[in-house]
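Participant: Got a structure here, written out as structure tokens. Questions coming.
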Amino acid sequence: MNQPLIDLRNITKSFDKTVVLDDLNLSVAENTFVTLLGPSGCGKTTTLRIIGGFETADQGQVIFDGEDISKLPPNKRQLNTVFQKYALFTHMNIAENIAFGLKIKGKSRTYIQDKIRYALKLVNLDGYENRSVSSLSGGQQQRIAIARAIVNEPRVLLLDEPLGALDLKLRQDMQYELIRLKNELGITFIYVTHDQEEALTMSDTIVVMNQGYIQQMGTPEQIYNEPENAFVADFIGESNIVPGIMIRDELVEIFGARFACVDKGFGTNRPVDVVIRPEDIDLVEPSAGTLTGVCTHLIFKGVHYEMEVTTPDGFEWLVHSTDLCPVGKEVGIHVDPFDIQIMNKPASEDEEAVGVNE
Amino acid sequence: MSKKLLAGPYLVWMAGFIIIPLGLIIYYGLTDRDGLFTIANVASIATPEHRKALWLSLWLSLVSTAICLALAYPLAMILRNRGVGRGSFIVFIFILPMWMNFLLRTMAWQTLLEKNGVLNGILSFLHLPNQSLINTAGAIILGMVYNFLPFMVLPIYNVLSKIDDDIIHAARDLGANSMQILVQIWLPLSVPGIISGITMVFVPALTTFVISNLLGGSKILLIGNVIEQEFTRAGNWHMGSGLSLVLMIFILISMAVIAKYDKNGEGSAF
């Protein structure tokens, strides 16, 4: 990979003495779909607004294609934003909304007409030129907002929870639309969301943030399968996070039982946190299990059953399985070595916030 | 049925104090002293004296409205950008004078502007020549602007505060500079508030006779003063009503303009 398209260097930002971003570094490669994921207040929207130019960082630089744009106002930046609440101009019709940026740039009438038609086709709303904004549904308005941004041919499209206000079905449809758009347009998407499923579905790279720090950055598979700390494991999907002791390489002890795993380099007899996804737990005959417990809870979820298995030490294991285990039955717990993820224990709460990214 | 009864007191009020007086004005306006139909009262607006008063009224209210708009728009913009919390306290301070009697406030200006008033007192203390401030068109405009400015600020502030920051961010994001945002986004979106504010200043300014009485002396006659004098001094209710009808037509025209622009009633809601 050559030089990144966007490079955030040592970004620090506080509002009224509350530190929102603390020495944040982030590189975004050209033509990728990057998602900033985290709970509200983690600094993801602030990061996006700093890239867009709506907020200025207290310290640090925003490098765009090798140039420092930290001091540039939003109207001078080669990127466009899609806002959470669409932010369409209600006093203009759809065509005028889409044409806004092009008219400002002084493009010719025919160029603008062509662009409007092209953009409406791209977002599947052909023929909507003369409709008013208020006559459109939320999903349609959001697609117009996207069309309005992309006609300007930005190098980067910033999206601030654009699907947050839509209902589930529409949100899923729009996710596929966004993936298609990104592939067709070949521009870089930086997407902000608190919805982990959205992030996993669409992204090339996910940046998990918490309390103003990047917790982990990686592909959706890496983030899901190899969370680097308890926060990431907990935020991305459901998980069982249990204390364990790394006996030696590839062997971990949990509640007195020894599990084979694939992790190395944690030393010997070291306390660690162990992450096991609920769908990775196999319920077997008590005699065949590494641990045994009693099923204490059972809910039918559609695709699978959600069960809780309580082991003698009192820990309630969350299990997702298509096999049913009735409440009260004794079962064995088996986990395949590659389904066990070992993490260093955070030494303090501060370190927990900072994450393990050096 | 019971719900209809609840509207009863107001219906009685409306009939007694709005519908019937309006009917009487129309009756008086279109009849002469013998009770015969005539349009002479209405037509008397064409006499040089009346025409002069009407044009002066229109002119002064127009100027006052323009000044109010020029003062109010930036102020409303500042109030809006301050955000709700601090903004609402400033709005409170701003409407505070409106709770004091309109007559008292205008008389206070009279005291300030008089020949031997406070302002001239300060001027002579500084050994500067006295100015004739009162009984001028300027004094009347000052009185109108002072009294009616809040009616311009509030509807505009109301409309501006409903515009989402992200709309402005979006315009900037699409390349617009501050001037383009003002002309293409702020102004078109605040048209309902501006129209509403203009009406709420222009109509009372057009019909006032108190401000012109107190600050214009007897030298400057507005159409309001002419009507008032027909009723009180000349005792000619027919003439007064006829001129009122003419004035009412001007007001109805401006109401029609609002109805055209302010479709959602956004601007008037405050």
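Participant: Need one number: % antiparallel among DSSP beta bridges in segment A:132-255, to the nearest 5.
Facilitator: Within segment A:132-255, antiparallel bridges account for around 60 percent of the total.
Participant: Considering only DSSP beta bridges with both partners in the protein assembly as shown, what is the antiparallel share in %, to the nearest 5?
Facilitator: If we restrict to bridges inside the protein assembly as shown, about 75 percent are antiparallel.
Participant: Students often check this: by mean Cβ neighbours within 10 Å, which of A:82-92, B:198-208, B:9-19 ranks highest, and how do the rest follow?
Facilitator: B:198-208, A:82-92, B:9-19
Participant: Which value, in Å to one decimal place, does the Kirkwood hydrodynamic radius take for segment A:93-147 when every pair of different Cα atoms is included?
Facilitator: 11.1 Å
Participant: Taking H as built 1.01 Å from N, whose amide H comes closer than 5 Å to the amide H of A:GLN216, not counting residues under 5 places away?
Facilitator: Here the answer is A:VAL208, since their amide H atoms fall under 5 Å of that of A:GLN216.
Participant: Taking every alpha carbon pair in chain A, what does the distance histogram look like in 10 angstrom bins from 0, in percent?
Facilitator: Here the calculated profile for chain A is 5, 21, 26, 21, 15, 9, 3, 0.
Participant: Taking the Cα atoms of segment B:49-261, report the difference between the largest and smallest coordinate on each principal axis, in whole Å and largest first.
Facilitator: 63, 49, 28
Participant: Extension gain B:SER132-B:LYS52, at 0.36 nm per residue separation less the Cα-Cα distance, in nm?
Facilitator: 26.5 nm
Participant: When you look at the Cβ of every residue in B:172-184, what mean number of other chain Cβ atoms sits within 10 Å?
Facilitator: 6
Participant: Provide the percentage of antiparallel DSSP beta bridges, counting only those with both residues in segment A:6-225; round to the nearest 5.
Facilitator: Bridges in segment A:6-225 that DSSP calls antiparallel: roughly 55 percent.
Participant: Next question, about the same structure. Could you tell me the distance between the Cα centroids of segment A:35-78 and segment B:1-67, to the nearest Å?
Facilitator: One Cα centre to the other: 61 Å.
Participant: Now for a separate question. Looking at A:ILE187, B:PHE250, A:ASN344, which one has the Cα that reaches farthest to the positive end of the dipole of the protein assembly as shown (charges on Cβ: Lys, Arg +1; Asp, Glu -1)?
Facilitator: Towards the positive end, the residue furthest out is B:PHE250.
Participant: Going by average Cβ neighbours within 10 Å, how do the peptides A:137-148, A:212-223 rank, with the highest at the top?
Facilitator: For the peptides A:137-148, A:212-223, the packing ranking is A:137-148, A:212-223.
Participant: Could you tally the net charge around B:ASN177, taking each other residue with its Cβ under 14 Å from the Cβ of B:ASN177, Lys/Arg +1 and Asp/Glu -1?
Facilitator: Computed value for this residue: +4.
Participant: Under 15 Å from the Cβ of B:TRP237, count the other residues' Cβ atoms, weight Lys and Arg +1, Asp and Glu -1, and hand me the total.
Facilitator: -2
Participant: While we're on this one: As I understand it, the dipole of chain A uses +1 on the Cβ of Lys and Arg and -1 on the Cβ of Asp and Glu, about the Cα centre. Which of A:LEU8, A:ALA145, A:LEU298 lies farthest toward its positive end?
Facilitator: My answer, from the dipole projection, is A:ALA145.
Participant: Which three extents, in whole angstrom, do the alpha-carbon atoms of segment A:182-316 cover along their principal axes, largest first?
Facilitator: Extents along the principal axes, in whole Å: 56, 41, 26.
Participant: OK, next. Rounded to a whole number of µm²/s, how large is the Stokes-Einstein D of segment A:127-170 at 4 °C and 1.567 mPa s, given Rh as the Kirkwood radius over C-alpha pairs?
Facilitator: Rounded, D is 110 µm²/s.
Participant: Ranked highest first by average number of other Cβ atoms within 10 Å, how do B:177-183, B:56-62 line up?
Facilitator: Going by the mean number of other Cβ atoms within 10 Å, highest first, we get B:56-62, B:177-183.
Participant: Summing Lys, Arg as +1 and Asp, Glu as -1, what charge do residues with Cβ under 14 Å from the Cβ of A:ILE144 carry, A:ILE144 excluded?
Facilitator: +3
Only the coordinates and a few stated rules stand behind these numbers; no lab work does. The structure displayed is predicted, hence computed values, not measured ones. Cβ sites come from the backbone with ideal geometry, for glycine too, and all protein chains shown count toward neighbours.
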